[in-house]
Amino acid sequence: MLAGLVPAVFLGAVMVQNVFATTYVINDGGRTFSYTLYTTSAREALSAAGVELTEADDYTLEADTITVRRAPTVTLTYHGKSQIVVSQDETVRQLLKRLGIVLQENDVLSYPLQTVLQRGMELRIDRVENLEETFTREIPFETKILNAPELPEGVRETLASGRAGTLECRARITYVNGIETGREILDTKQTSPARDALIALGSGPAVDAGSGELRIGDGVILLPTGEKLTYTKVDYVRATAYTHTDEGCTTTTATGTTVRYGTVAVDPRYIPYGTRMFIVASDGSYVYGLAQAEDCGGDIKGDRMDLYMPTYKQCIAFGRRRCTVYFLG
């Protein structure tokens, strides 16, 4: 008899709960949906339905319909810094007055003061300044290559170093919130001219051992030009050739000079920097001529030497040779 009463009691409890269950229709802006729960509190219903309210938001309850009234929030960006503010159905002028913001001389508004603010708007107040400033620009110099038949082919000599000039400029510069957004050049004045670099590039014949004009005697070297050199000692080295376009090479030597025909890479522990030499192939097949120790290299150790050549083709032609080095006095 008791067992038969249990389903009836349970069914009655469910019926009582259904009596107190409420289905709310929730209007939240453009979104409308229904939610059923056992409460008579509209706020609890909104919370259970996942509708979050800010302190400025409000709602109304009519019958079983809850209407959410969202506060008209706007984004206020003042001099580059943004914040979310709640508008109270007011104009731009009224909002600024309520917030205690006084417009400065250079402030620019994104909306007129009489504009009524609406939810989602962005009100910008930018500080725009147009200032005249003077600054200096560099005038780059040009490098001019001059043909020099009096120099051996490929040899380069610097006749004049280049120097950049300067240009004084007056400009109107626009700043928005302290950041430059535009620049208009009003006038320019050259304060110093640029000076071109002049490079002589040799196109004449190289000194050749087969000319028969080079004579080397005891302590004396007579050049084809008639110039006489004296040397104090002789040594023999294993020589190769390099140029400034080789990997890891530049036009500047280890001692800070500019590479040229006659620049030689040495082991400075073996041949000190600055040493002047006259170099020829030991078998007489090649005359490199006057040289000076100004550079070094990773594999230049002991009796090894690298002779600078202006072109890669000349380096290949030279290859590897045993050379005689005459150390000039």
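The values are calculated or read from the model by the stated rules, or taken from the named source; none is laboratory data. Remember, it's a predicted structure, so these values are computed and weren't measured experimentally. Don't worry about glycine lacking a Cβ; one is built from the backbone with ideal geometry, like all the others, and counts go over all protein chains shown.
Key figures
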item	result
Filtered residues of the range 230-256 (kept if in a strand (DSSP E or B) and within 21 Å of ARG321 (Cβ to Cβ))	TYR231, LYS233, VAL234, ASP235, TYR236, VAL237, ARG238, ALA239, THR240, ALA241, TYR242
Selection status of ASP246, out of contact with any strand residue (DSSP E or B) (no Cβ under 8 Å at 6 or more places or on another chain) and more than 18 Å from ARG304 (Cβ to Cβ)	no
Residue within the range 281-304 that is assigned by TED's automatic domain parsing to the domain that holds VAL234, within 25 Å of SER161 (Cβ to Cβ), of a type in the set (Gly, Ala, Ser) and part of a loop (DSSP other than H, G, I, E, B) present	no
Check on SER161, surrounded by fewer than 15 Cβ atoms within 10 Å (Cβ to Cβ), at pLDDT below 95 and closer than 30 Å to ILE139 by Cβ	yes
Pair list, Cβ < 6 Å and 6+ apart or interchain, from the range 92-105 residues that are basic (Lys, Arg) to residues that are surrounded by 11 or more Cβ atoms within 10 Å (Cβ to Cβ)	ARG93/LEU113
Index of the failed condition, TYR59 passing every other in (1) surrounded by 10 or more Cβ atoms within 10 Å (Cβ to Cβ); (2) modelled with pLDDT under 85; (3) of a type outside the set (Asp, Glu)	(2)
Residue identified as closer than 30 Å to ALA293 by Cβ, exposed (fewer than 12 other Cβ atoms within 10 Å of the Cβ), out of contact with any Ser or Thr (no Cβ under 6 Å at 6 or more places or on another chain) and at pLDDT 80 or above among THR250, THR257	THR250
Those residues of the range 34-43 which are surrounded by fewer than 14 Cβ atoms within 10 Å (Cβ to Cβ) and under 14 Å from THR67 (Cα atoms), in sequence order	SER34, SER41, ARG43
Count of residues meeting criterion [within 16 Å of SER82 (Cα to Cα) and not in a strand (DSSP E or B)] in the range 118-151	3
